[in-house]
Amino acid sequence: MNNNAQPPVCCDTPGRSLSERIGRDLPRRYRAEKRFRRLGLTAIVVALSFLVFLFGSIIGSGYSAFRQTYVELAVTFDESAFTSENLAAADFPGLVKQSLRTMFPEVEGRAALKNLYRIVSPSAAYTLQDMVAENPKLIGTTQRIWVLADDDVDMLIKGQISGAGEEANRRLKDDQLAWITTLRDQGRIETRFNTTFFTAGDSREPEQAGIRGAVMGSFYSLLITLLLSFPIGVMAAIYLEEFAPDNILTNVIEVNINNLAAVPSIIFGLLGLAIFINFFGMPRSTPVVGGLVLTLMTLPVIIIASRAALKSVPPSIREAALGIGASKMQTVIHHVLPLALPGMLTGTIIGMARALGDTAPLLMIGMIAFIVDIPSGFTDPATALPVQIFLWADSPERAFTEKTSAAIMILLAFLIAMNATAVFLRKKFEIKW
Amino acid sequence: MMVPACHPIATTHFQTANRGISTMFMKLTSGPAGSTRQSTMEGTGFADSRQQEAGAVAQRQTVGESFVADPRMTARDVAVYYGDKCAIRSISIDVGCNEVLAMIGPSGCGKSTFLRCLNRMNDTVPGCRVTGEIRLDGEDIYAPSVDVVPLRARVGMVFQKPNPFPKSIFDNVAYGPKIHGLTRTKAELEEIVETSLSKAGLWEEVKDRLQEPGTGLSGGQQQRLCIARAIAVSPEVILMDEPCSALDPIATARIEDLIAELRLQYSIVIVTHAMQQASRVSQRTAYFHLGDLIEVGPTERVFTNPRHRLTEDYITGRFG
Ligand SMILES: Nc1ncnc2c1ncn2[C@@H]1O[C@H](COP(=O)(O)OP(=O)(O)O)[C@@H](O)[C@H]1O
Ligand SMILES: [Mg+2]
């Protein structure tokens, strides 16, 4: 503003007046810079605190799911219970009840006994069955066996529910609390690392529920997604970027790919339902369909990222290769692709991470079913990690709360691992100029 | 100037950036009256030269000796269009055997465009059209039956900015022979790499670090590496587009010495904006002006006794 007003001064003593003029402005410029920096810093602090809060609350409520309460029973494998040839037909629940009755002989009456039996998980019978199947010599002996406690007992031991308050409003009744205290005093209750959580599929009983089925479901789905979307996406990107003629058709395709990347994922779920399940008659709730749907969703992301990576390869490299007589294809494969690969891989992994976390399209194709068995292939019914989180979050049992958080932790761990891989691959394949 | 090979975006940008010059073209060719004004953009500020040029523009016929007795490449009536825009017009010139032909002229006059016709690099530019006839050893290189891949092996190219592949020095030189299947054994390949690097005057400097990346060399070394890469496939003609413009004077001097040596085996066409360089390295010089080939002749003669007004203006420094 001033320079128009006083040009003569500037010409008379150019050095002094110039530095004066700049000097006058300088504090204001520095203040602006400081202000800007502080704003930036505040933004980062706010974002970080959200993140810390999120992680804090998830880990805080989820870490306890990695331990599980066990109860020690003294089980007598009475020969009279194993009359039949078929060992599995024996009354194992009866054995569990029997041992509980022996431990607390004073308990009488149907209701009280029922309460007593509910201290241990229904899975205790299966534990016994497995032991006998493995070692039939146990029949006729008495063994001390650690079995899973019921989820309510587990919650009490972990301090997530309390024994206070009116009895009618509590899941655990007064007599049960007394038995638990007794067992505890005898050292017959302890918490251990929760292997079940990592080895079991879903279950209605929280103490038996595990993440394995969902992890495998996600694994199979993502495997299909990766195997389809990476090659198809990269090929499409290479063709569009390097070989396709520049005409209306390719422009239309380009615009549509960009649009597809922004389409809400549930639409892809509907599309998958219509095409793969209704039209092609593929089985519902299976990783193969889930993988196909996620492929549809991930493809545009990969194509866009790969094209950007190809675009960023300097034209001088293409000229160099073409200039000594490399064919178009050799130029692309030998020189352009290696330079674009880090960007392509990053885009792919980011797309895959999105696919791993996406729930909506899987709901549409029935991957939300309650499935106990761990899928062992692409066509077995399965759920996926985010769907499992949704299912558990929706369950009324108190013990599923911590399972939900634990499942979120697993999902986040996978996401972080995938993003770390993306960073690592980029660093590894990046070629310095 | 680096021309993006297959970059729709970059090319559009290019075209808009050059629209100014192209309209200028049209006016220049449409009539002498309009052209005098426009030509001030070229840097001449003198009223008299403008008037003189008006006369000169009217006759844009090439003067001098365009043709040689024993040509390696011949260009007849070559014109190049970028879209509708004519970049060079009716160029007829020969490239002799074992000679260095220098092409000089103000920037934007079409030197690179013409050079890139000689190995059909312009094929990679979308919207670029070449008319006329270019022959290499009597064979029309734009004939439909001609494959550009072997052609580009026979007519090698060195670019303005050194552009080694981001691979090892060895792989840079070995790439051409490998893709063209010139060698059968590893020993043969190693020999080609060594002779090429020696011819490019780089062997002594890099023989102990052939596995290091070519991009780690200095600018001058990189450019010599690019020359070694070009000669590794034993071309007949080497095209160089301002090969020294990104280099310091010492590196430039080395490349110039190298060009003098390479002339004994190859035909070389070099584009340069440094007139001293043209006079130092070349036997014949061609002067381009706004898409026209104005004058061709023995370098000595062109620099000491130019026949065309425009050539004289340029070499006496009245032109950019
Ligand atoms: N890829 C291209 N697309 C459109 N116009 C181009 C392209 N390359 C060069 N031109 C135009 O052609 C003319 C000649 O350019 P060029 O051959 O690069 O000149 P020089 O090498 O003599 O400086 C210029 O007007 C330039 O704008
Ligand atoms: Mg040029």
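The values are calculated or read from the model by the stated rules, or taken from the named source; none is laboratory data. Please read these numbers as outputs of a predicted model, since none were measured by experiment. Glycine gets a Cβ as well: all are built from the backbone with ideal geometry, and neighbour counts include every protein chain shown. Ligands, DNA and RNA are stripped out before the accessible areas are found, and what is left, the full protein with its side chains, is counted by its heavy atoms. Shrake-Rupley method; radii C 1.70, N 1.55, O 1.52, S 1.80 Å.
For the range B:87-94, does any single residue satisfy the condition of being within 14 Å of another protein chain (Cβ to nearest Cβ), more than 16 Å from ligand 2 (Cβ to nearest atom) and among the hydrophobic types (A, V, I, L, M, F, W, C)?
No: the range B:87-94 contains no residue that is within 14 Å of another protein chain (Cβ to nearest Cβ), more than 16 Å from ligand 2 (Cβ to nearest atom) and among the hydrophobic types (A, V, I, L, M, F, W, C).
Hey, among A:Leu412, A:Leu363, A:Leu425, A:Leu337, which residue is under 14 Å from the mean Cα position of the chain (by Cα) and not hydroxyl-bearing (Ser, Thr, Tyr)?
That would be A:Leu412, the only listed residue that is under 14 Å from the mean Cα position of the chain (by Cα) and not hydroxyl-bearing (Ser, Thr, Tyr).
Considering only the range B:229-243, state which residues are under 23 Å from B:Gln283 (Cβ atoms) and either at pLDDT below 90 or away from ligand 2 (no atom under 16 Å from the Cβ) (or both).
Those that are under 23 Å from B:Gln283 (Cβ atoms) and either at pLDDT below 90 or away from ligand 2 (no atom under 16 Å from the Cβ) (or both): B:Ala230, B:Ile231, B:Ser234, B:Pro235, B:Glu236, B:Val237, B:Ile238.
Residues that are away from ligand 2 (no atom under 13 Å from the Cβ), at positive phi and within 14 Å of chain A (Cβ to nearest Cβ): does the range B:70-83 have at least one?
Looking for residues that are away from ligand 2 (no atom under 13 Å from the Cβ), at positive phi and within 14 Å of chain A (Cβ to nearest Cβ), one finds at least one in the range B:70-83, hence yes.
Quick check on the range B:285-303. Is at least one of its residues farther than 19 Å from B:Ile93 by Cα and modelled with pLDDT of 90 or more?
No, that holds for no residue.
For a quick check of your reading: which helices (runs of 4 or more DSSP H) sit entirely within the range B:170-271 and have at least 1 residues that are under 25 Å from the mean Cα position of the chain (by Cα), within 11 Å of chain A (Cβ to nearest Cβ) and of a type in the set (D, E, K, R)?
Correct list: B:219-231.
Show the residue pairs that are 6+ apart or on different chains and have beta-carbon atoms under 8 Å apart, the first residue being within the range A:381-394 and in contact (Cβ under 8 Å) with a residue 12 or more places away in the chain, the second being of a type in the set (Asp, Glu).
Once the first residue is in contact (Cβ under 8 Å) with a residue 12 or more places away in the chain and sits in the range A:381-394, its partners that are of a type in the set (Asp, Glu) give A:Pro381/A:Asp373; A:Thr383/A:Asp202; A:Pro386/A:Asp358; A:Gln388/A:Asp202; A:Leu391/A:Asp202.
Please find, within the range B:111-133, the residue that is nearest to B:Leu151 (Cα to Cα) out of those that are within 16 Å of ligand 2 (Cβ to nearest atom) and of a type in the set (D, E, K, R).
It comes out as B:Arg116.
Do you know which of the residues in the range A:313-327 that are surrounded by fewer than 23 Cβ atoms within 10 Å (Cβ to Cβ) and within 42 Å of the chain's Cα centre (by Cα) is nearest to the other protein chains (Cβ to nearest Cβ)?
The residue in question is A:Pro315.
Looking at A:Leu339, A:Leu362, which is the one that is more than 12 Å from every other protein chain (Cβ to nearest Cβ) and in contact (Cβ under 8 Å) with a residue 60 or more places away in the chain?
A:Leu362
Looking at A:Leu113, is it touching a Pro at 6+ places or on another chain (Cβ under 9 Å) and open to solvent by 30 Å² or more (accessible area, probe 1.4 Å)?
no
Taking the residues in the range A:383-433 that are of a type in the set (Ser, Thr, Tyr) and in a helix (DSSP H, G or I) as candidates, determine which candidate is farthest from the other protein chains (Cβ to nearest Cβ).
Ranking the qualifying residues of the range A:383-433, first place goes to A:Thr401.
For the structure I just gave you, tell me whether B:Met103 is among the hydrophobic types (A, V, I, L, M, F, W, C), closer than 26 Å to B:Pro298 by Cβ, assigned to a strand (DSSP E or B) and within 11 Å of chain A (Cβ to nearest Cβ).
Spelling it out, it is not the case that B:Met103 is among the hydrophobic types (A, V, I, L, M, F, W, C), closer than 26 Å to B:Pro298 by Cβ, assigned to a strand (DSSP E or B) and within 11 Å of chain A (Cβ to nearest Cβ).
Would you mind telling me which numbered condition in (1) within 11 Å of chain A (Cβ to nearest Cβ); (2) within 11 Å of ligand 1 (Cβ to nearest atom); (3) open to solvent by 20 Å² or more (accessible area, probe 1.4 Å) B:Cys128 fails?
For B:Cys128, the exception is condition (1).
Kindly evaluate A:Leu116 against the criterion of being under 39 Å from the mean Cα position of the chain (by Cα) and on the phi < 0 side of the Ramachandran plot.
yes
Which residues, counting only those in the range A:238-267, are of a type outside the set (D, E, K, R), within 14 Å of chain B (Cβ to nearest Cβ) and in a loop (DSSP other than H, G, I, E, B)?
Answer for the range A:238-267, where residues must be of a type outside the set (D, E, K, R), within 14 Å of chain B (Cβ to nearest Cβ) and in a loop (DSSP other than H, G, I, E, B): A:Ala244, A:Pro245, A:Asn247.
Looking only at the range A:186-240, how many residues end up being open to solvent by less than 70 Å² (accessible area, probe 1.4 Å), closer than 30 Å to A:Thr250 by Cα and aromatic (Phe, Trp, Tyr)?
Total meeting the criteria: 1.
Let's see how each residue does on (1) open to solvent by 30 Å² or more (accessible area, probe 1.4 Å); (2) within 13 Å of ligand 1 (Cβ to nearest atom):
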site: B:Val63; (1), (2): yes, no
site: B:Phe67; (1), (2): yes, no
site: B:Gly83; (1), (2): yes, yes
site: B:Arg89; (1), (2): yes, yes
site: B:Ile93; (1), (2): no, no
site: B:Asn98; (1), (2): yes, no
site: B:Pro106; (1), (2): no, yes
site: B:Met121; (1), (2): no, yes
site: B:Ile134; (1), (2): no, no
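Looking only at the range A:35-53, which residues are closer than 30 Å to A:Ser405 by Cα and of a type in the set (Phe, Trp, Tyr)?
Across the range A:35-53, the qualifying residues are A:Phe50, A:Phe53.
In the range B:191-228, which residues are of a type in the set (A, V, I, L, M) and over 22 Å from B:Glu256 (Cα atoms)?
Correct list: B:Ile192, B:Leu210.
Run down B:Arg254, B:Arg284, B:Arg280, B:Arg263 and say which single residue is in contact with a strand residue (DSSP E or B) (Cβ under 7 Å, 6 or more places away or on another chain) and either surrounded by fewer than 22 Cβ atoms within 10 Å (Cβ to Cβ) or without any contact (Cβ under 8 Å) to a residue 12 or more places away in the chain (or both).
B:Arg263
One residue is enough: does the range A:244-255 have a residue meeting the conditions farther than 22 Å from A:Met297 by Cα and touching a helix residue (DSSP H, G or I) at 6+ places or on another chain (Cβ under 7 Å)?
yes
Name the single residue that is farthest from ligand 1 (Cβ to nearest atom) among those in the range B:241-295 being touching a Phe, Trp or Tyr at 6+ places or on another chain (Cβ under 8 Å) and within 15 Å of B:Met157 (Cα to Cα).
The residue in question is B:Pro243.
Restricting to the range B:136-147, what's the tally of residues that are within 14 Å of chain A (Cβ to nearest Cβ) and loosely packed, with under 13 Cβ neighbours inside 10 Å?
So the answer is 1.
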